[in-house]
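Reading through the structure tokens given below for one structure.
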Amino acid sequence: MLLQGASLRQRLSRQPVEISVRKLDMESLASVVALVDGLATENIPIHIALLNAGIWKMKWAITPETGYETVFRVSYLSTAVLTLFLLPILVRTSEATSARSVLTVVGSELQSDSSWKKKKTAPPSIFSEFANEATFSGFQRYPDSKYLLFQFVHRLAREIDRTKVNVLAVGPGAVGTSFGGNNMPRWVTPLQSMYKAWARKPEEGARVITYASSGLAGDAAHGEFVETMAINP
């Protein structure tokens with residue numbers, strides 16, 4: 001459920017809550033760096049970080065700043081970089097409060113359909129592979145990016161003290177939103193209507209994300225993928 005600023009403030013009016021909005025362009029590494037630098041300079045503690053950026057494009061496009069393909073840039077690369085940059089702040093917050101911080105990235109169950117799971121050998125560089133227009137598939141690029149993102153989280157968790165920061169990924173399941181809808185071919189439109197009819201409502205998908213990002217999934221979720229209130233092995 002999307003709330004306008006006034007509606008959100010009204011719901012939180014009974015408690016002293018300060019809402020701060022900052023600019024972040026996930027297609028720009030400079031924007032990612034500027035955001036984290038600003039948080040560090042102001043010494044703002046972060047107890048929970050929820051990284052939810054993701055796009056789905058059917059046509060090849062690159063980000064002007066870096067030349068990387070856009071879906072790869074936003075859904076994987078910028079999210080991974082932001083994760084690494086936020087970790088020191090999350091650790092400091094945990095040490096200052098003696099309470100574990102949580103960093104959650106929103107993945108997708110579609111990672112199970114990734115073409116990368118079928119590859120017998122990995123390419124020399126994922127950057128060169130994803131920068132090659134000849135290997136681009138509109139239907140596969142989003143699942144492939146989310147697959148790489150989970151592999152990143154799973155490997156990163158080995159290097160993180162889980163008593164200070166719980167790092168995990170979460171999938172909200174099939175949720176009936178307009179995500180990616182404008183980019184799909186026309187023949188997909190009837191399928192999208194059927195999908196929305198049986199998919200979860202946004203509020204239901206949000207509950208799964210809230211469950212994971214709040215830390216309720218527990219120690220066992222560190223480095224894992226949480227789906228429908230359970231850890232998906």
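Here are some notes:
- Note on 109, 203: ascending count of other Cβ atoms within 10 Å places them as 203, 109, the fewest first.
- When the C-alpha to C-alpha distance is required to be over 32 Å, the pairs from 57/201; 23/118; 59/117 that qualify are 23/118.
- With N counted as the residues of region 45-153, its alpha-carbon radius of gyration over 2.2 N^0.38 Å works out to 1.19.
- The packing ranking of peptides 57-65, 211-219, highest mean first, is 211-219, 57-65, where packing means the average number of other beta carbon atoms within 10 angstrom of each residue.
- Most tightly packed first, judged by the mean number of other beta-carbon atoms within 10 Å of their residues, the peptides 41-47, 98-104 read 98-104, 41-47.
FYI, it's all coordinate maths here, none of it is from the lab. Computed from a predicted model, the values in this text were never measured in an experiment. Every residue, glycine as well, gets a Cβ built from its backbone with ideal geometry; the counts of neighbours run over all protein chains shown.
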